[in-house]
Every structure is written in C-alpha cells, then in structure tokens.
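Remarks on the structure that follows.
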Amino acid sequence: MGTWLMVLGLLAARATAPTDLSTIQREPNLEKRADAAINYADRLAGQLSKSYESGDWAGVQAKLEEIAQAAELCLTSLRDSGKNPRKSPKYFKRAELKARAILKRLEAFSQLASVDDRGPVEAARSRVQQVHETLLHEVLGLK
C-alpha cells in the first residue's frame, strides 16, 4: 500500500512539473520559481545523453542553453526575493547543491560528447559554474 502511494505521489509531482521556462517565470513566489528553475535545469541535464545518442544535436544545444538560462533564472529569482542568504539559506543552499549536481552531469556529458561538440557544453557549464559560485559565496557570506 505504501509503495503504491509513493508511485502515485511521484506521478502527480511529475504531472505538475513545469515544462518550460516561460511557465516557470510566471510563478509569483520567487523562492518556488528559483526551486522550479533549478529542478528544470537538472531534469534537462539528465536528458542530454539520450538526445545526443539519438543524433539530435540541435536539441542538445537548445537544452544546454535552457539549462544555463534556468540556472541564471534561479539565481535572479533568489536575489529578487530580498532574503538574506545567511539568515534564510534554505532555498539558496538547495539551489547551490542542485547547481553542483548539474555541473557534474555536464562534466560527464562533456566526456561523452565528441571533441568537436564540446564548445556549447563548456559554454553552458561555465554559466552554471558562475551561478554555483555566486550561490556558494552568498550562502557563506563571501564577497
């Protein structure tokens, strides 16, 4: 019975997950928007290998751009919330951890991609790295 409820919960969560950045941008709660954006970026990062292996390089490039944009949206939303990351670190730290996971996925994907295809991967990775470092510095109170 418990397993069945967990499966239903996962299906319900997946059904309500935003499907694009424009939907996420309409979320009025800035912390929820940030959370949805970084989760969306993580979901896309998980789909890169499958798209690449199927030969959809245009789709991979679009996903890479969306990953970077979603990470940047997350950071912007958290900053716009007006919360102090040192006093209310919940969403900041959650985003920092997820950004680190995305970086690991992008690094693994970069190893999978051919040398000629790594430019866009590295560009997206660099943008996500900047978001990650900024979040980490804000949580730790570094300048």
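The values are calculated or read from the model by the stated rules, or taken from the named source; none is laboratory data. Everything numeric here is computed off the predicted structure, so don't read it as measured data. Virtual Cβ from ideal backbone geometry, glycine too; neighbours counted across all protein chains shown.
Taking only pairs six or more apart or across chains, which ones have beta-carbon atoms under 7 Å, a first residue in the stretch 72-90 that is free of Cβ contacts under 8 Å to residues at least 12 places away in the same chain, and a second residue that is among the acidic types (Asp, Glu) and assigned to a loop (DSSP other than H, G, I, E, B)?
Every condition considered, no pair remains.
Inside the stretch 35-61, can you point out the residues that are more than 14 Å from the chain's Cα centre (by Cα) and of a type in the set (A, V, I, L, M, F, W, C)?
Going residue by residue through the stretch 35-61, those that are more than 14 Å from the chain's Cα centre (by Cα) are 49-61.
Answer for the stretch 35-61, where residues must be more than 14 Å from the chain's Cα centre (by Cα) and of a type in the set (A, V, I, L, M, F, W, C): Trp57, Ala58, Val60.
Cβ-Cβ distance below 6 Å, separation of 6 or more or different chains: which pairs start in the stretch 92-105 with a residue that is surrounded by fewer than 22 Cβ atoms within 10 Å (Cβ to Cβ) and end on one that is modelled with pLDDT under 95 and among the aliphatic types (A, V, I, L, M)?
Short answer, once both residue conditions are applied: Lys93/Val139.
Could you tell me whether any residue of the stretch 38-52 is surrounded by fewer than 22 Cβ atoms within 10 Å (Cβ to Cβ) and part of a loop (DSSP other than H, G, I, E, B)?
No, there is no match, as no residue in the stretch 38-52 is surrounded by fewer than 22 Cβ atoms within 10 Å (Cβ to Cβ) and part of a loop (DSSP other than H, G, I, E, B).
Those residues that are among the polar types (S, T, N, Q) and in a helix (DSSP H, G or I), I need them from the stretch 53-70; list them, please. If you could, list the steps in order and put the result at the bottom.
We begin by selecting, within the stretch 53-70, every residue among the polar types (S, T, N, Q); these are 54, 61, 69.
Passing the criteria: Gln61, Gln69.
Can you tell me which condition Lys32 does not meet? The list is (1) within 17 Å of Phe109 (Cβ to Cβ); (2) within 15 Å of the chain's Cα centre (by Cα); (3) basic (Lys, Arg), and all the others hold.
The one condition Lys32 does not meet is (1).
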